[in-house]
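Comments concern the structure below.
Where a number appears in this text, it was derived from the coordinates with a stated rule and is not lab data. Every value quoted in this text rests on a predicted model; they were computed, and no experiment measured them. Glycine gets a Cβ as well: all are built from the backbone with ideal geometry, and neighbour counts include every protein chain shown.
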Amino acid sequence: MATMDVPNNEQYGRRLMPSVLDQLSRRTPTKLFASVPKTGDLLDGFRDVSVSDMARCVDFAAACIENHFGRGDNFETLAYVGIPDLRGVIIFYAAVKCGYKLLVPSPRNPPTTNLSLLQQTICTKLVYTAEVAPLIKPLINLLPALRTEALPSFDQMLCSNPQPYPYEKDFDHAENEPILVLHSSGSTGTHFRLQPPGPC
């Protein structure tokens with residue numbers, strides 16, 4: 001069974017996800033984070049993505065978010081709409097590093113539903129993958145003040161060589177900071193936000 005190289009002074013249950021990813025990328029850079037299909041055809045095989053690959057992608061995405069939107073103010077909401085690939089995980093980590101909480105509305109929702117979720121969470125900033133761009137235009141028509149930015153492809157993120165984007169919060173200060181906003185399925189009526197009262 002594989003084990004992680006963790007210092008004796010690490011306190012499990014008191015670590016922060018962005019810090020853990022950065023630490024793992026330094027201590028065990030080749031450790032497997034995920035194995036993802038190379039193409040839409042599984043017969044083409046899989047690509048291994050290491051923890052150092054993910055940390056680099058997160059730093060790249062965090063710099064993109066800050067360059068386009070600035071750092072989050074008082075944990076404002078950043079929305080992400082995209083296809084189901086590792087960019088969703090990357091944006092989650094990057095949003096936390098930049099001081100945002102992340103809302104992930106479903107691309108299958110009608111624009112009016114996603115508009116309602118954006119309004120409920122007072123969200124004015126959205127990042128998306130190019131594959132869902134046709135779904136974003138109707139949302140912009142409904143909410144002209146919405147600031148949007150298309151993300152680079154996952155391959156572009158993997159090939160990036162960004163400066164490290166530090167995350168320097170400690171557990172005592174970040175324990176109760178909001179980092180994620182969920183929403184109901186809408187199966188019994190209008191979608192509504194579900195934000196846990198404490199840490200996620």
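Structural remarks
- Isotropically averaged projected area of the range 119-158, using the convex hull of Cα atoms (one quarter of hull area), nm²: 3.2
- As a rough guide to protection, the peptides 108-116, 58-66, 145-153 ranked by mean Cβ packing within 10 Å, highest first, stand as 58-66, 108-116, 145-153.
- The alpha-carbon of residue 125 sits under 30 angstrom from the alpha-carbons of these lysines, leaving out residues fewer than 8 places away in its chain: 97, 101, 137, 169.
- Positive-end residue, the chain charge dipole about Cα centroid, Cβ charges, pick of 99, 141, 69: 141
- Amide H contacts of residue 99 (H built 1.01 Å from N, under 5 Å, at least 5 apart or other chain): 72
- Residue with peak Gaussian network fluctuation, the chain [Cα springs, cutoff 10 Å], from 17, 157, 54: 17
- To the nearest ten degrees, helix 87-98 and the longest principal axis of the Cα atoms of the chain are 80 degrees apart.
- Antiparallel %, DSSP beta bridges [both residues in the chain], to 5: 35
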